[in-house]
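Q: Got a structure for you, written out below as structure tokens; questions coming shortly.
Please treat every number below as a calculation from the coordinates, not as lab data. If you're wondering where the values come from, they're calculated on a predicted model, not measured in any experiment. With ideal geometry, Cβ positions are generated from the backbone for all residues, glycine too; neighbour counts draw on all protein chains shown.
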Amino acid sequence: MKPVTQADYQKALAVGRPPNIQSLFPNSQALLISGKYIDLAMLAKGQSICMAANGRNIFVIRGALRAAQRANSALIIEIAKSEGGADAYCAINYWNMARTVDALCNEMKITIPVAIHADHYGIKNEKDINAARNEIPSMFDAGMTSIAIDASHMTDDQNLLASIVLNPYVPKWAGLETEVGEIKGKEGLSTRQEALFLIQGLNAHGIFPNWIALNNGTTHGIEASAQGIQVELTADIHNALKPYNVSGAQHGTSGNSSERLREIAQKTRTTKANVATALQMISWGLEVNDYGNAILDDAKEFIKVKDQGVTEELWAQMKAYAQSKSYKSGDYKKLNLPFESKLQTQPKEVRARMAQRVEDFVYNMLVKVFNAQDTAPLAVEAILKTGGYDPGPKGERIEDPPNWTTEKIVARGKNLLADKGPAGNFDD
């Protein structure tokens, strides 16, 4: 499929950017859009997944944007609460990510549609719910176009109730993701029953998520799961949810082979896949396998590829700092914030190769794994067909609201078949 024509692109710019983006960037040529359109573009192509690239540093964002431009693919740039929330370990955060993406798109003349997603906006208790009443609007004021309300750390009934309470703070035009069965490793998997409970309860309250994320056998970070993504389980749950027209969001892609990820694209209704730690490691110049999982040597240490990513001198400093803090391999993500300035002050050619390494990896994933090439025109086509920034909900109300009162939700939750596994590490 050919790239979007300049005439159609200008039409999409005029009508497709949501109000917050129009207000923040009135003279921009960047097509920052609702996550709803990204989902629709992937569904229009079929068996296609959009990469949601976690922008832990500017080199990742730069490389991912260039890769999507090459692939003629729509793209999501996201950051999670642990990475870029109020207690962030990255310099890129919920409140500056849209500005960074917009600036890079204009600088590099990027003409593919991009959604700005607040991933894993975690809710673990009543205190988090109260804070969210202010934080969520502030994030959209700063340019978010999509959000994942993730209350899956709580019991199923409280997950549903928190999602209902916070929905009024999310613009109706924005992309919406929900989650069930907190991802915490190879023990505890989502079930059909609890996924249906969440989606049916939201449906009864007039809430129609674009995506649902499952605990389907994945882990976050760099550690490979012995179990891996359960493709058949995912397909079974997605099939059960078919009447509600919700797509899947695949989390924890690290540790899963390209073949497994291709199966997710081909056999399930997944249209969004998060890629986080892999892109960080690739930008730093660490050795990874074909799907981005960092390779460790016999001493369980990362392998730095000479003349790739950061300079050898800077990597030595990063390692020394990590050792002084007794960081394990999974803790190296905490190096992002203290080393942000040093990453930015490396020689120009070093900064360029960091972004180039990300670009090459992301392009390969988009084209050879996620089947996302040529989805940019499909998103633009949907915008022009709608004639505005909000295509509306994919679903419609099926459930009867009186059956989903707070009291009935709590009662139903007590009888759910759920496989939570032991308490896990909830840091995304």
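Q: Percent antiparallel among DSSP beta bridges with both residues in segment 8-387, to the nearest 5?
A: Details: 3 of 35 bridges.
Bridges in segment 8-387 are about 10 percent antiparallel.
Q: Something else now. Expressed as a rounded percentage, what relative contact order does segment 1-154 have, with Cα pairs under 8 Å and six or more residues apart? Present the calculation step by step, with values, prior to reporting the outcome.
A: Working: 244 pairs, mean separation 40.5, N = 154.
Across segment 1-154, relative contact order equals 26 percent.
Q: Sort the following peptides by mean Cβ neighbour count (other Cβ atoms within 10 Å, averaged over residues), highest first: 378-389, 53-64, 301-312, 281-292.
A: Highest mean packing first, the order is 53-64, 281-292, 378-389, 301-312.
Q: For labels at residue 289 and residue 236 in the simple 7 Å Cα→Cβ model, what's the distance in nm?
A: So the two model labels end up 2.6 nm from each other.
Q: Considering only C-alpha atoms, what is the centroid distance from segment 80-103 to segment 376-419, in Å?
A: Here the two parts' Cα centres lie 27 Å apart.
Q: Still on this structure: Which length gain, in nm to one decimal place, applies between residue 320 and residue 301 when the Cα-Cα distance is subtracted from 0.36 nm times their residue separation? All intermediate terms of the calculation are to be shown ahead of the outcome.
A: On the way: separation 19, 0.36 × 19 = 6.84 nm, distance 1.23 nm.
Full extension of this stretch gives 5.6 nm more.
Q: Residue separation times 0.36 nm, minus the C-alpha to C-alpha distance between residue 86 and residue 14: what's the value?
A: Numbers: separation 72, 0.36 × 72 = 25.92 nm, distance 3.31 nm.
Contour length minus the Cα-Cα distance gives 22.6 nm.
Q: Can you give me the relative contact order of the chain as a percent, contacts being Cα pairs under 8 Å and 6 or more apart?
A: On the way: 917 pairs, mean separation 106.8, N = 428.
25 percent.
Q: Which order do the peptides 28-39, 354-365 come out in when sorted by mean C-beta neighbours inside 10 angstrom, highest first? Working shown, then result.
A: Numbers: 28-39: 26.4, 354-365: 22.5.
Highest mean packing first, the order is 28-39, 354-365.
Q: If you don't mind, there's one more thing I want to ask. Any chance you could list P(r) for segment 273-317, counting all Cα-Cα pairs in 5 angstrom bins from zero, rounded to whole %?
A: For segment 273-317, the binned pair fractions read 5, 23, 30, 24, 13, 4, 1 percent.
Q: When ranked by the protection proxy of mean other Cβ atoms within 10 Å per residue, highest first, what sequence do the peptides 163-175, 7-19 form? Walk me through the numbers on the way to the answer.
A: Details: 163-175: 19.4, 7-19: 17.1.
Order by mean packing, descending: 163-175, 7-19.
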